[in-house]
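Taking it in order: structure first as structure tokens, then the write-up.
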Amino acid sequence: MPTWGEARAAATTRLRSAPDPGTAALDADVLLAHVLGVGKEALFAHPERGLSPSEAARFEALIERRSRGEPVAYLRGFKEFYGLRFRADPRVLIPRPETEVLVDAARELIAGRALTVVDIGTGSGAIAVAIAAHEHRVRVIATDSSRDALAVAESNALANGVADRVELRHGDLLAPITERVDMVCANLPYLPDASVDKWVGERSSLAFEPRGAVVAGSDGLSVIRRCIDDLPRVLAAGGAALFECDPPQVAAVTEMLELSGLRTRIARDLAGAERVVVGQSR
């Protein structure tokens, strides 16, 4: 059986010819540490240790799947987001670091107040759970049209100790909301339908994620547009709406929110790209 060091080196070499060569070494380390149940630091400290036959077989299977482009989050079954661990599997979109900008912007507005916040298209529940975990006076309603996604969101709310303040509702966008709310947060599908062939051909991680959570019409804005159209029905006076989008869509989303009577500002992600449009009642 190979040593830890030999297994790492062989897996890294193999993944360098896979869809994401830039993360080959990191992916190999993360997956080997996952199989062994140790931290990555242990791999560097003890490269001479050997894998058992079952560990070697499990690691090989994970590297094979990763070499075909399957996301590491699905291989491990979880993803860290906003300092919390979230269950992640093919029923839901994998939480992305740039979405933490939306949580930051929401928390800046919440500022410790007792508000009702809605997370539209909650998926894994990342936004809803992160807000509830850090804003203890907030009540969150999380909606999704997928019952499978809501099951994942429920497990994440329970695992992170906020199930008593995150209410899950099944339905399309804002349709399940019958009361006035203080804030709407949304990381909705925003990629154009025509982009599908590109990322499937490149074996991007998006090729493995639920298509309904990714694409939204010819311009990528059809879902966001429908949600904004319904905002006046549910948003309370003095309320706010936050939408994550692709940077080239910021101007269009800003215009839609302003036509709904909101004043807007833009929040940038860690790369400096315009990522979240924040609309507030005038």
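The values are calculated or read from the model by the stated rules, or taken from the named source; none is laboratory data. In this text, all values refer to a predicted model and were calculated from it rather than measured experimentally. Note that we place each Cβ from the backbone using ideal geometry, even for glycine, and neighbour counts take in every protein chain shown. Side chains are part of the model used for accessible areas, which takes the heavy atoms of the whole protein and leaves out ligands, DNA and RNA. Shrake-Rupley method; radii C 1.70, N 1.55, O 1.52, S 1.80 Å.
Numbers for the structure displayed
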read-out	value
Solvent-accessible surface (1.4 angstrom probe) belonging to Arg49, in square angstrom, nearest 10	110
For the chain: accessible area per residue (Å², 1.4 Å)	44
Full-extension gain in nm, Ser17 to Ser54, via 0.36 nm per residue minus C-alpha separation	10.8 nm
Only Lys, Arg (+1) and Asp, Glu (-1) charged, at Cβ; the chain dipole about Cα centre in debye	280
C-alpha center-to-center spacing [segment 222-282, segment 127-192] in angstrom	18
Total charge dipole magnitude, segment 53-153, about the Cα centre, Cβ charges on Lys, Arg, Asp, Glu only, Debye to nearest 20	200
Positive-end residue of Pro2, Thr23, Phe81, charge dipole of the chain with Cβ unit charges	Phe81
Shape of segment 219-282, Cα gyration tensor, a/c cut at 1.5	oblate
On Cα atoms only, tilt of 250-259 relative to the major axis of the chain in degrees	30
Entry for volume of the Cα convex hull per residue in Å³ (calculated from the structure that is shown) out of (1) 128; (2) 117; (3) 209	(1)
Accessible-area composition of the chain, carbon plus sulfur, in percent [1.4 Å probe]	52
